[in-house]
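Taking it in order: structure first as C-alpha cells, then the write-up.
Please treat every number below as a calculation from the coordinates, not as lab data. Not measured: the values here are computed from a predicted model. Positions of Cβ are generated from backbone atoms using ideal geometry, with glycine treated the same way; all protein chains shown enter the neighbour counts.
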Amino acid sequence: MRNPHAGEPFELSDAVIARHLEDLSVPALLLSCVHLGETEEERRAILDGPLRPQGIYLNEYQGFMSAEDQAAARELALGVIARWRDRGCPEPDPVPPAMLEQMMDWAACEDVGADYVPMMLEEMGLDGRDQRAVEATSGAADYPVVVIGCGMSGLLAAIRLQEAGFPYVVVEKNAGPGGTWFENTYPGARVDVGSHFYCYSFEPADHWTEFFARQPELAAYFERVMDKHDVRRHVRFSTEATGATWDETTATWTVHLEGAEDLVARAVVCAVGQLNRPSVPDVPGSFDGPSFHTARWDHDVDLDGKDVVMVGAGATGFQVAPTIADRVRSLTVIQRTAQWMFPNPGYHDETGPGVGWAIRHLPFYGRWFRFLIFFPGCDTGLLAAKVDPDWEPQHQSVSEINEMVRVMFTEWITSQVDHDPELVAKVVPPYPPTGKRTLQDNGSWLRCLTRDNVELVRAGVDRLEVDGVVDTDGTKHPADVVVWATGFHVNDLLLPLRVVGRDGVDLRESWGTRPRAHLGVTVAGFPNLFLLYGPSTNLASGGSIILASECEVAYAMSCLTMLATSGKQTIEPTQAAYDEWYQRVQDEVRTMVWASPHIEHNFYKNADGEVHILNPFRLVDYWAWTREADPADHVLA
C-alpha cells in the first residue's frame, strides 16, 4: 500500500505546478524535493546547497529567505517535481534516519537535539504509519468504558479505544462533536495554532482554507474524523452526564445521565475539558436587552446599528471586536487589564489552492510543513516564562529574556497606535509578558480600537442597568446588547460533574482549590478513572493542546492495556506517585511567570493565587513520560 504521505500521482503541466508552488513554504518544499531525489547525491545537493532557510520563527513559513532565494528555490523545485511527474510519480525510497535528522536540523537552522528527534519522527509519521495507534488488546472486551465528552479529546479517546478493542459509549451534551468548536460560534472564532498542526497527527488535513482555521472548518473537521473512524454509532448526543459513582463490590463505575438511564462500565474517561462551562460574573442589577456569553452566542440577535457593550477582551473578545465593529453603531469594550500580543501578520491569511494540492501530491510536504509550525513553538516559550529571582524589576519582567520579549512586544503594539498616546497607555500591559495568555495580532485588534465608533474602557463592571453597563469608575455605557467575553470556569475542573470514588470520596470536594492528577490523568482513590485535559495539562508556552491530548490518551490507553492484559479489576496511581507528581508540578510552576504575584486577573490562578491548570514542563519531556505507563507507579488489584 502506498504511503499516504508520499503523494498522489498527477499529470499537471509545468505552468500549473509553478502556480501552485507560489503558495507554498519554500523550506517545506525543498525538503519534499529531498525525498524526490533518485540518489543520495541528488538529495545532498539540496541539503548542502546555498538555498536554505536563514532562521526559524513561529508562524514564519519561509525561513527568512530572500525573495530572490525563494524564487530560485521554486525554480529548482519545479525541475525536480517535473522529472518525478514524468517518471510516473513513484513512491520515493525511504530517507535514511541520519539524513532525516539532518533535514530537521536544516529546517530548524539549529541542532534539533537527540531528545526531540524521536518525538518529531513519531509526530510526522513519515513511514505512513500512525505510530501512536493502539494494537488490539487481549482481554479488552471485558472492560467496557464510558467516555464523557465528544470534544477533541473525547473523540480521540474513542478512536484509540476502538483500535484496542475496548467496548465503549461516548456521552456528549451537545448535538455534535468538537466540544469548544461546536459551542463557540461567535463572530471571528478561529484557532490560534496553525491549522496544519491543530489536527490529529494521524489525521492531517489538506482542506484548510486558512492558515488559522475558523470555527466552521474546525467543527467540520471533527465531524469528518468521527465518521471516518466509525465513532458516531457509539455516541449518545444531546445527553449530559451529571456524575459517576464507583462501586467497590463490583469494581464498576455508574455514570449518571440527565433524563436517561445510568450506564455501568469498568472504566471512565472524563473528557469534559477546561473550556467547558462559561463564566459570567455575578454583577448587581439587571439589563433589559439581549445579553449572552460568547460561548452561547445568540445568532438571532441582529447587531447591525446597535450599541454593543462587550465585557472582557481576552482571546475571545480579541477576535469578536474586529469582526463586529463595522456593523454596530458603537462598540464599548470594558477590559480590566491589557493583553500582551505578538506579531503574526498572517493570522487571517488564506492558504491558496497550492497548499492543499501540495499536501495531496508532493511527498511529505504536509509533514514537513507541520514540523515548521510545531518546532519553533515547542518549548521555546518556557525560556521567557522562567523567573530569574535576581532580575529587577520583577513587576515589569522576570528575566533578561523576558525583558527582551517585553521590548519586542511593546514595539509591535506602539508601532500601530503611536499617534494616540492615550490609547498606547491603555493597550501596553504593565505586567511581565507571557504571564497571561499571549494573543496573536495581525493588526486587526488595534485597528479596531482606532475606529471612531469603538471605545476601549480600562475598568471593571460595577453594575447593570436596564439600558446599559456602569463600570467601576462610575461611568455608564448605554447598550442595546451586552456581550460577556469573560472566559470559562477553568479552575473548577470537571464542573458540573460529581465524581465519587472509593469510600464515598467526592473528587472535587477532595481537591478543594487544588486539583491534581498523576501526569494530569489518573487520581489515587479513583480506580479506572482517566482525566483528559485535566489538572496541569493546559499549555501556556507553545505547542498544541491536540498534541497534549494525544500524550494523555496514550498514557490512559497504556494503563487500560496494563489492566486488561493483567486480568485484574482496577488500576490507579500509587499514593506516592500521585503526591510526588503534584509536588514536582507545584515546585516547577512556582518558578514561572504565570505564578508571579505581580500579575492580577490571571485566569491561570485559582482564588488563592496558585496555578494548578498549567503544565510547566517541556512538551518533549511530557511526551516521554506519557508514552507508556510505569507499572511501579500504579496499583493493580
Surrounding net charge for Leu449, when Lys and Arg each add one and Asp and Glu each subtract one, Cβ distance under 14 Å = -3
The relative contact order of segment 190-344, taking Cα pairs under 8 Å that sit 6 or more residues apart, comes to a percentage of 11
Those residues of segment 261-300 whose amide nitrogen sits under 15 Å from the label point placed on Thr185, 7 Å along Cα→Cβ = 293-300
When the Cα centres of segment 333-412 and segment 462-510 are compared, how far apart do they sit, in Å?
-> 29
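Determine the dipole magnitude for the chain: charges of +1 sit on the beta-carbon of Lys and Arg, -1 on that of Asp and Glu, nothing else is charged, the reference point is the Cα centre, and the result goes in debye to the nearest 20. It would help to have the intermediate numbers written out before the result.
Details: 51 positive and 92 negative charges, 163 e Å.
It comes to approximately 780 debye.
State the antiparallel share, in %, of DSSP beta bridges confined to the chain, rounding to the nearest 5.
Working: 28 of 66 bridges.
Percent antiparallel among DSSP bridges in the chain is about 40.
Taking the Cβ of His20 as the center, what net charge do the other residues with Cβ under 15 Å away carry, scoring Lys and Arg +1 and Asp and Glu -1? Mind showing how you got there, number by number?
Working: positive: Arg19, Arg74, Arg85, Arg360; negative: Glu8, Glu11, Asp14, Glu22, Asp23, Glu75, Asp206, Glu350.
Cβ neighbours under 15 Å give a net charge of -4.
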Report, ordered by chain and residue number, the lysines lying within cross-link reach of Lys386, taken as a straight Cα distance under 22 Å and ignoring same-chain residues fewer than 8 apart.
-> Lys436, Lys605
Could you grab the relative contact order for the chain? Cα pairs under 8 Å, six or more apart, rounded to a whole percent.
-> 17
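Determine, for Val589, Val483, the number of other Cβ atoms within 10 Å of each Cβ, and report the residues in order from fewest to most. The partial results should precede the final answer.
On the way: Val589 21, Val483 29.
If I rank by nearby Cβ atoms, fewest first, I get Val589, Val483.
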Relative contact order for segment 565-637, counting Cα pairs under 8 Å that sit 6 or more residues apart, in percent | 51
Summing +1 per Lys or Arg and -1 per Asp or Glu among the other residues with Cβ less than 14 Å from Arg367's Cβ gives -3
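Between Asn174 and Asp300, what's the calculated FRET efficiency when r is the beta-carbon distance and R0 is 25 Å? Round to 0.05.
Working: r = 19 Å, r/R0 = 0.75.
Working from the Cβ atoms, E equals 0.85.
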Report, by chain and number, residues whose modeled amide H sits under 5 Å from the one on Val264, excluding near sequence neighbours (fewer than 5 apart, same chain).
-> Val255
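Please report Val191, Val398 as a ranked list, fewest other C-beta atoms within 10 angstrom at the top and most at the bottom. Write down the numbers at each step before the final one.
Working: Val191 23, Val398 30.
By the 10 Å Cβ count, ascending, the order reads Val191, Val398.
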Quick one: which residues, 5 or more positions from Thr239 or on another chain, have an amide H under 5 Å from its amide H? H modelled 1.01 Å from N in the peptide plane, none for Pro or chain starts.
-> Glu172, Lys173, Asn174
Straight-distance crosslink candidates among aspartates and glutamates, where the alpha carbon sits under 12 Å from Lys173 and sequence neighbours closer than 8 are dropped = Glu183, Glu240, Glu258
Which value in nm describes the separation of the simple spin-label points at Thr209 and Ser566, placed 7 Å from the Cα toward the beta carbon?
-> 5.1
Under a straight-distance cross-link criterion of Cα-Cα below 20 Å, which lysines are reachable from Lys306, leaving out those fewer than 8 residues away in the same chain?
-> Lys476
Amide H of Gly285: which non-local residues (sequence gap of 5 or more, or other chain) have their own amide H closer than 5 Å, using H built in the peptide plane?
-> Leu464
Return the FRET efficiency for the residue pair Arg329, Ala98: r is the Cβ-Cβ distance, R0 is 51 Å, and the value is rounded to the nearest 0.05.
-> 0.20
Give a residue-ordered list of calculated ³J(HN,Hα) values for segment 469-486 (Karplus: 6.51 cos²θ - 1.76 cosθ + 1.60, θ = phi - 60°; whole Hz; x for Gly, Pro).
-> 10, 9, 7, 6, 8, x, 8, 8, 10, x, 8, 8, 9, 10, 10, 9, 9, 10
In whole Å, what is the distance between the alpha-carbon centres of segment 427-453 and segment 1-36?
-> 38
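Multiply the residue separation of Arg87 and Asp452 by 0.36 nm, subtract the distance between their alpha-carbon atoms, and state the gained length in nm to one decimal. Numbers along the way, then the final one.
Details: separation 365, 0.36 × 365 = 131.40 nm, distance 6.04 nm.
Taking Arg87 through Asp452 to full extension adds about 125.4 nm, to one decimal.
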Over the chain, what lengths in whole Å, largest first, do the semi-axes of the equivalent ellipsoid take, defined as the square roots of 5 times the eigenvalues of the alpha-carbon gyration tensor?
-> 38, 35, 24
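Set the Förster radius R0 to 51 Å, insert the Cβ-Cβ distance between Trp391 and Ala72 as r into 1/(1 + (r/R0)^6), and round the FRET efficiency to 0.05.
Numbers: r = 44 Å, r/R0 = 0.87.
Plugging the Cβ-Cβ distance into 1/(1 + (r/R0)^6) gives 0.70.
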Roughly how many nanometres apart are two label points built 7 Å out from the Cα toward the Cβ at Thr574 and Glu350?
-> 5.9
Phi-derived 3J(HN,Hα) across segment 388-393 with the Karplus relation (6.51, -1.76, 1.60, θ = phi - 60°), rounded Hz, x for Gly and Pro, is 9, x, 8, 7, 9, x
Please give the length that would be gained between Arg224 and Leu636 if that part of the chain were fully extended, namely 0.36 nm times their separation in residues minus their C-alpha to C-alpha distance (nm, one decimal).
-> 144.6 nm
Work out from phi, with θ = phi - 60° and the Karplus expression 6.51 cos²θ - 1.76 cosθ + 1.60, the ³J(HN,Hα) of each residue of segment 221-235, listed in order in whole Hz, and give x for Gly and Pro.
-> 4, 5, 4, 5, 4, 4, 6, 4, 9, 6, 8, 3, 5, 9, 9
Please work out the C-alpha center-to-center distance from segment 87-156 to segment 299-323 and express it in whole Å.
-> 40
Let me know the Kirkwood hydrodynamic radius for segment 229-327, please, with Cα pairs as the basis and the value in Å to one decimal.
-> 17.9
Rounded to one decimal in nm, the spacing of the 7 Å Cα→Cβ label points at Glu11 and Ala114 is 5.1
